[in-house]
Amino acid sequence: MTSDQRTGPPAFGSERDMLRAFLDYHRATLAMKCDGLTDEELRRQSMPPSTLSLLGLVRHLAEVERAWFRRVFEDHDAPMVWSDEIDFQAAYDASGSTRDEAFTAWEAEVETSRRIEREAGSLDQAGYQPRWEEEVSLRMVMTHVLLEYGRHNGHADFLREGIDGSVGA
């Protein structure tokens, strides 16, 4: 990994500013865990039978961003990125993927998510979660996605250490 260029979340701020900052911090953490690796290294799987890899995590989190921001607040029928059905597991199989493909999709979804959040009048804005068939607030969505990144960045820690011994952050 290269040096840590992430901006840490502030110690004080509004609820929205804190959620936004922590979410961006975790997004930057995922990117940092992948920094400096080849496509082959990014595709390296953890252990059979799991297909989990760093590139698979990037692809999965692109799906998460799409499912929780775009599909909830803009287009309930937007297709998933790597599956015809709502199958988050399909993204984990990155055996034929490249850094460019995965990061282009992930970065586009992150930008869409940021735009949706910026344009929302408040954290109480309601969106419709089609998989649950119920309304959810932007607050809930941001918290849920933040938890997804936290969990998967823990996976990324182990995956990166297994590739080149890098630990930390």
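The values are calculated or read from the model by the stated rules, or taken from the named source; none is laboratory data. These figures come from a predicted structure and were not determined experimentally. With ideal geometry, Cβ positions are generated from the backbone for all residues, glycine too; neighbour counts draw on all protein chains shown. To get the accessible areas, we keep the full protein, side chains included, count just its heavy atoms, and leave off ligands, DNA and RNA. Shrake-Rupley method; radii C 1.70, N 1.55, O 1.52, S 1.80 Å.
Residues in the stretch 49-87 that are over 15 Å from ALA108 (Cβ atoms) and among the charged types (D, E, K, R): ASP77, ASP84, GLU85, ASP87.
What about THR7, is it closer than 14 Å to ASP93 by Cα, hydroxyl-bearing (Ser, Thr, Tyr) and open to solvent by 10 Å² or more (accessible area, probe 1.4 Å)? No.
For (1) outside any helix (DSSP H, G or I); (2) in contact with a strand residue (DSSP E or B) (Cβ under 7 Å, 6 or more places away or on another chain); (3) among the β-branched types (Val, Ile, Thr), each residue gets a yes or a no:
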residue: ASP77; (1), (2), (3): yes, no, no
residue: TRP82; (1), (2), (3): yes, no, no
residue: ILE86; (1), (2), (3): yes, no, yes
residue: ALA91; (1), (2), (3): no, no, no
residue: GLU101; (1), (2), (3): no, no, no
residue: ILE116; (1), (2), (3): no, no, yes
residue: TYR128; (1), (2), (3): yes, yes, no
residue: ASP157; (1), (2), (3): no, no, no
residue: GLY168; (1), (2), (3): yes, no, no
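One residue stands out in the stretch 44-64 among those that are of a type in the set (A, V, I, L, M) and closer than 13 Å to GLN89 by Cβ: the one that is most open to solvent (accessible area, probe 1.4 Å), namely LEU52. Hey, does the stretch 34-47 have a residue that's over 23 Å from GLY168 (Cβ atoms), outside any helix (DSSP H, G or I), more than 14 Å from the chain's Cα centre (by Cα) and among the acidic types (Asp, Glu)? There is no residue in the stretch 34-47 that is over 23 Å from GLY168 (Cβ atoms), outside any helix (DSSP H, G or I), more than 14 Å from the chain's Cα centre (by Cα) and among the acidic types (Asp, Glu).
Of all residues in the stretch 65-93, exactly one satisfies the criterion of being β-branched (Val, Ile, Thr), surrounded by 18 or more Cβ atoms within 10 Å (Cβ to Cβ) and modelled with pLDDT under 95, namely VAL81. Given the structure, is ASP124 without any contact (Cβ under 8 Å) to a residue 40 or more places away in the chain and either in contact with a Ser or Thr (Cβ under 8 Å, 6 or more places away or on another chain) or in a helix (DSSP H, G or I) (or both)? Taking the combined requirement at face value, the residue satisfies it.
For GLY150, the criteria (1) closer than 12 Å to LEU61 by Cα; (2) open to solvent by less than 50 Å² (accessible area, probe 1.4 Å); (3) without any contact (Cβ under 8 Å) to a residue 60 or more places away in the chain hold in every case but one, which is (3).
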